[in-house]
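Q: To start, I am sharing the structure in question, which I have written as structure tokens.
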Amino acid sequence: MIKNLSRRIIGVTGGIATGKTTVTNYLATKYNFPVLDADLYAREAVAIGSPILTAIFIRYGDRLKLADGSLNRSALGEIIFNNSDEKRWLESQIHPFVRDRFNSESQNLHDKTLVYAIPLLFEANLTNLVTEIWVVYCDRAIQIERLQQRDGLSREQALARIDARFPLADKIERANIVLCNNTNRDFLLHQVDKAVKSSD
């Protein structure tokens, strides 16, 4: 996809449980920037009756199917976060769908600034969709603690999810804007305000 250089497209990414949603929600509420969310599109990809969900059930069997026919996400997570080959297979199904949704939805919006919330911006090779990259980070110990509290995971489960992704240090190196979320929400959002004004 060729970037529309007349439009600012902010790609918000970072590590799991580092505060990406806090940033994108703030950009939506304070600045009224439209936010397109990769996680929502990934959920659409595995909606009941979708070809991708059918492929998942064929590959893994009915053990991943809930009573209502939907996907058992936690069971799938246990598979892909402990097996890199299965993770790559799943991503090969979902990432093209997500890319297509970003392309189609952005064409329906005419705002000068858009926000793409893409946790797997680097992993899914979607960096060419955005004009700048914002990485939200926190120290590893804080990240582990937040992830355990948020998702009710053991330390081992939290580490498996963190380590299955592109290293946070490498994301920081490739960022245009780096947002530190080691302390509190006000400190994080002050950095967001400065980043928004950086293109003025």
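The values are calculated or read from the model by the stated rules, or taken from the named source; none is laboratory data. Bear in mind the structure is a predicted one, so any value in this text is a computation, not a measurement. Using ideal geometry, Cβ is built from the backbone for each residue, glycine included, and neighbour counts are taken over all protein chains shown.
Q: If the Cβ limit is 8 Å and pairs must be 6+ apart or interchain, which residue in segment 58-82 that is in contact (Cβ under 8 Å) with a residue 40 or more places away in the chain pairs with which residue that is among the polar types (S, T, N, Q) and surrounded by 10 or more Cβ atoms within 10 Å (Cβ to Cβ)?
A: Note: pairs meeting the criteria are PHE81/GLN157.
Q: Moving on. Any residue at all in segment 43-59 that's in contact with a Gly (Cβ under 7 Å, 6 or more places away or on another chain), of a type in the set (A, V, I, L, M, F, W, C) and assigned to a loop (DSSP other than H, G, I, E, B)?
A: yes
Q: Let me confirm something: among LEU153, LEU159, LEU189, which residue is in contact (Cβ under 8 Å) with a residue 60 or more places away in the chain and not acidic (Asp, Glu)?
A: LEU189
Q: If I ask for residues that are of a type outside the set (Val, Ile, Thr), exposed (fewer than 13 other Cβ atoms within 10 Å of the Cβ) and closer than 24 Å to PRO119 by Cα, which ones from segment 42-77 would you list?
A: The answer is ALA47, PRO51, ARG73, SER74.
Q: Show the residue pairs that are 6+ apart or on different chains and have beta-carbon atoms under 8 Å apart, the first residue being within segment 20-44 and among the aromatic types (Phe, Trp, Tyr), the second being assigned to a helix (DSSP H, G or I).
A: TYR26/LEU189; TYR26/VAL192; TYR31/VAL196; PHE33/LEU27; TYR41/PHE97; TYR41/VAL98; TYR41/ARG101; TYR41/PHE102
Q: Follow-up question, since we're still on this one. Can we say TRP89 is among the aromatic types (Phe, Trp, Tyr) and over 16 Å from the mean Cα position of the chain (by Cα)?
A: For TRP89, the condition - among the aromatic types (Phe, Trp, Tyr) and over 16 Å from the mean Cα position of the chain (by Cα) - is met.
Q: Something else: Just name the residue that is surrounded by the fewest Cβ atoms within 10 Å (Cβ to Cβ) out of those in segment 78-128 that are under 24 Å from LEU27 (Cα atoms) and among the hydroxyl-bearing types (Ser, Thr, Tyr).
A: SER104
Q: Right, next: Would you check which residues across segment 157-200 are acidic (Asp, Glu) and modelled with pLDDT of 95 or more and list them?
A: If the condition is that a residue be acidic (Asp, Glu) and modelled with pLDDT of 95 or more, then ASP170, GLU173, ASP186, ASP193 are the ones that fit.
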